[in-house]
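Presented below is the structure to which this report refers.
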Amino acid sequence: ELRSLLAEVGSTPQGTIDFSEFKGVLLLKIGEKEPKEEVQRAMKHFDEGDKGYVSFEDLKQVSEMLNQQLTDDELKEMMMFAAAKPGPRDQFFGAKDIPNITEEDFMRLMKKANVY
């Protein structure tokens, strides 16, 4: 992939590029979006047990695996933000009145973040 990018921006025969070419490569990569299937697969990495939703416990486990020092309140805030959607959601609430994140919630959040 790197060789392809270098060829695309016109690297020297030694495979080097100057800063403006490097910046061009970064802009190309930043502008790329992931296929929807990749985003759905990412959701499954969060959904421990393939339940169809991400629970508070799932998010906490992922944050610990990534060595993130997030408090329960920060994780709860993330869950509330991701589930922020009008309409009744009672059936989606897990322990401690924290909403579970459905695949629909996850996909909406990733689309809003311009991931796909």
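No lab work stands behind these numbers, since they all come straight from the coordinates. Source: prediction; values computed, not measured. All Cβ positions, even for glycine, are placed from backbone atoms using ideal geometry, and neighbour counts span all protein chains on display.
Here are a few things to note about the model shown:
- Highest-first packing order for the peptide set 38-44, 27-33, 97-103 is 97-103, 38-44, 27-33, based on the mean count of other beta carbon atoms within 10 Å.
- Amide H contacts of N100: F93, G94, each under 5 Å away and 5 or more positions distant or on a separate chain (H built 1.01 Å from N in the peptide plane; Pro and chain starts excluded).
- The charge dipole of the chain, taken about its Cα centre with unit charges on the Cβ of Lys, Arg, Asp and Glu (plus for the first two, minus for the last two), comes to roughly 360 debye.
- Among (1) 19.2, 61; (2) 21.4, 77; (3) 51.1, 174, the entry that matches Rg and Dmax of the Cα atoms in Å as calculated here: (1)
- For E48, nonlocal amide neighbours, meaning residues 5 or more places apart or on other chains whose placed amide H falls under 5 Å from its own, are S55.
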